[in-house]
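Enquirer: Pasting in a structure now, in structure tokens, and then I'll have a few things to ask.
The values are calculated or read from the model by the stated rules, or taken from the named source; none is laboratory data. Note that this is a predicted model, so its numbers are computed, not measured. Cβ placement follows ideal geometry from the backbone for every residue including glycine, while neighbour counts extend to all protein chains displayed.
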């Protein structure tokens, strides 16, 4: 449990101060730094100012405490009014964002079939391209939503979404037309294995307002081709590298590197190749934790082993990012505060399967036992929907006492429901928050603050 | 004496918020500013000063907006999940077309 912070200052109902429970203090180069996970702010405090502040908070009086420092700490919500229930406020934010109707978002599976055969894939795939009838039903739903939303976002997902290029392009054209007519911002990104992402595909996607692309590369050629082979078993590493050259001309590109105990020691070889291809400072890489999801017994992941535990992955992530930074493929970042964190737990978002079946979670795609309804009537959902919309991290004592709660808001609900994956519901900040703050401070102070003060945001998307 | 914590958006306010000592700046709700002039001119932390600061903080707590949807109405990317969660890394807030990412 986090310690309760002492209150100081005038002991009246609304005038005392207390420290936020979400502060992370670190020391670096003779200064103190405090990161607040609820505000996302990071502040440098000179040691003498820190000592004066600490004496104040310890009840020794305000005599030598800098008012300027206190005001900054207040602006960063590192000190808060005495008696503030931070968890209650976070809970309000969570539930407001869960039920927000200002945005509408769909994850659309244009093809459940995939041209890859990754041994850790959590989907039970089979060839299935979204047909015209389902596309028309999707469009009906979108048109009804566009009457009342400010923005509409699509994530093209699979299977492999580019295998379903025809429905992807056709739906995109209609989404853009309808969104523009309704005055709603439309944007899209695509999560792809990258094999079909050639020059023509990149042009076609960019013309359809796809702004972000995520591809997967799991190591140098021999490792990647073992972990992410084509369906016939052939390798594809260099095809993807070639395609990245096209993609970088048009999109914000991130490369997800799925890691486990079998490949984590080989990632530097991948980084060398990416650097030699000229990708440094042009794309970002990030590690994905492989997990052996066993709930869908028909999925390859049901028999996949060698995965890290969540704390093991947190340690591996630090080393990964340190190397990536060295090769110009990542910059240190700190997580930002969030609301309801994903489609699964947000009321106004859905995952649409290639046959029009509906899910709440990306991990559920292809699992009939996780379908919640059909696109022909999105109001006619079955009882499976309620578990997602009733998932509440604020009823979990472990979450309530965790310093990472403002940036994860309960993490992965799907894992939380699965007793075998329960510990994997968490992001890494839970385990390495102090190290992450220290790493960020070191980087920021070494390189100077320019370019960092507006929050270094790194795109994260799911892939397999 | 002017209230050092009124909500006017002045140049001095910006100096407070843009201070280099913030490596990552707080995302303050629109219209909320703490006047640097009032803070700097204070000679020390007194009970009265703390009382006024507490009042400002109460306003800030009440005014806090939903992350990912700033009061200006623009949408942004939040990048919350530092790659830590394998299945939840799409953070769910959205940038308008053309928004650069690092």
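Enquirer: Mind listing whichever residues of the range A:301-317 are part of a helix (DSSP H, G or I) and surrounded by fewer than 19 Cβ atoms within 10 Å (Cβ to Cβ)?
Expert: A:302, A:303, A:311, A:312, A:315
Enquirer: Now a separate question. Do we have residue A:329 as within 22 Å of residue A:432 (Cβ to Cβ), at pLDDT 90 or above and surrounded by fewer than 23 Cβ atoms within 10 Å (Cβ to Cβ) here?
Expert: Here the answer is no, as residue A:329 does not meet what is asked.
Enquirer: Here's another thing I want to ask about it. Do we have any residue at all in the range A:96-110 that's within 12 Å of chain B (Cβ to nearest Cβ), part of a helix (DSSP H, G or I), in contact (Cβ under 8 Å) with a residue 40 or more places away in the chain and surrounded by fewer than 17 Cβ atoms within 10 Å (Cβ to Cβ)?
Expert: yes
Enquirer: For residue A:366, indicate whether it is part of a loop (DSSP other than H, G, I, E, B) and within 18 Å of the chain's Cα centre (by Cα).
Expert: Judged against the criteria, residue A:366 is not a match.
Enquirer: Being in a loop (DSSP other than H, G, I, E, B), modelled with pLDDT of 90 or more and surrounded by fewer than 22 Cβ atoms within 10 Å (Cβ to Cβ) is the filter here, so list the residues in the range A:73-95 that pass it.
Expert: Passing the criteria: only A:85.
Enquirer: Please pick out the residue among A:229, A:127 that is in contact (Cβ under 8 Å) with a residue 60 or more places away in the chain and out of contact with any helix residue (DSSP H, G or I) (no Cβ under 8 Å at 6 or more places or on another chain).
Expert: None of the other options fit; the residue is A:229.
Enquirer: Another one. Which one of A:365, A:378 is buried (at least 23 other Cβ atoms within 10 Å of the Cβ) and farther than 21 Å from residue A:408 by Cα?
Expert: Sole residue among the options that is buried (at least 23 other Cβ atoms within 10 Å of the Cβ) and farther than 21 Å from residue A:408 by Cα: A:365.
Enquirer: Within the range A:142-187, count every residue that is more than 23 Å from residue A:124 (Cβ to Cβ), outside any helix (DSSP H, G or I) and within 14 Å of chain B (Cβ to nearest Cβ).
Expert: Here the count works out to 11.
Enquirer: Can I ask one more? For residue A:407, only one of the following conditions fails: (1) more than 21 Å from residue A:41 (Cα to Cα); (2) within 12 Å of chain B (Cβ to nearest Cβ). What is its number?
Expert: (1)
Enquirer: In the list A:311, A:337, A:332, A:287, which residue meets the criterion of being within 12 Å of another protein chain (Cβ to nearest Cβ) and farther than 23 Å from residue A:254 by Cβ?
Expert: Sole residue among the options that is within 12 Å of another protein chain (Cβ to nearest Cβ) and farther than 23 Å from residue A:254 by Cβ: A:311.
Enquirer: Still on this structure, I have one more. With the requirement that a residue be away from every other protein chain (no Cβ under 14 Å) and under 15 Å from residue A:21 (Cβ atoms), what does the range A:380-404 give you?
Expert: A:394, A:397, A:398, A:400, A:401
Enquirer: Considering only residues that are farther than 28 Å from residue B:62 by Cβ and surrounded by 16 or more Cβ atoms within 10 Å (Cβ to Cβ), look in the range A:50-61 and name the one that is modelled with the highest pLDDT.
Expert: So the residue we want is A:50.
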